[in-house]
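**Q** Mind looking over this structure? Questions follow.
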Amino acid sequence: MENNKMNTIANIILKYEYNFDGRLKHGSKNKKSFSKDIISILRKDGVEEILEYYKNQFISSNNTNSSTQQRKDLYHIVSTLEGLV
């Protein structure tokens, strides 16, 4: 996968995680290290692992009190990642 695509994906995920206090960002020191972690996962495992995680998040967001904006952002992540598989 191209670096440009990986950076785009990392930025989308970073925005979501920080806007909605996502669990993935916990343990990262800052936004830059979190972004590097996402890119590392993409290089190592491709998009499938991250896609499955966010599909599950999207399903559970529909069963909770998640905001409309949170569900829209999750849908955006899932549809972007599915376009890369």
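The values are calculated or read from the model by the stated rules, or taken from the named source; none is laboratory data. Just so it is clear, the structure is predicted and the values come from calculations on it, not from any experiment. Cβ placement follows ideal geometry from the backbone for every residue including glycine, while neighbour counts extend to all protein chains displayed.
**Q** From the set of residues in region 7-57 that are among the hydrophobic types (A, V, I, L, M, F, W, C) and in contact with a Lys or Arg (Cβ under 7 Å, 6 or more places away or on another chain), which is modelled with the lowest pLDDT?
**A** Once the filter is applied, the top-ranked residue is F34.
**Q** How many residues does region 1-29 hold that are under 21 Å from T68 (Cβ atoms) and either part of a loop (DSSP other than H, G, I, E, B) or in contact with a Gly (Cβ under 7 Å, 6 or more places away or on another chain) (or both)?
**A** Of the residues in that region, 5 qualify.
**Q** Oh, and also: Please enumerate the residues belonging to region 73-85 that are assigned to a helix (DSSP H, G or I) and loosely packed, with under 12 Cβ neighbours inside 10 Å.
**A** S79
**Q** Assuming I59 fulfils every condition listed in (1) loosely packed, with under 14 Cβ neighbours inside 10 Å; (2) out of contact with any Leu (no Cβ under 7 Å at 6 or more places or on another chain); (3) aliphatic (A, V, I, L, M); (4) assigned to a loop (DSSP other than H, G, I, E, B) apart from one, which condition is it?
**A** That leaves (4) as the condition not met.
**Q** Has region 30-37 got any residue that is in a helix (DSSP H, G or I), touching a Ser or Thr at 6+ places or on another chain (Cβ under 8 Å), within 15 Å of V78 (Cα to Cα) and not acidic (D, E)? Walk me through it before giving the result.
**A** Going residue by residue through region 30-37, those that are in a helix (DSSP H, G or I) are 31-37.
Checking which are touching a Ser or Thr at 6+ places or on another chain (Cβ under 8 Å) leaves us with 34, 37.
From what is left, the residues that are within 15 Å of V78 (Cα to Cα) are none.
Scanning region 30-37, I find no residue that is in a helix (DSSP H, G or I), touching a Ser or Thr at 6+ places or on another chain (Cβ under 8 Å), within 15 Å of V78 (Cα to Cα) and not acidic (D, E), so the answer is no.
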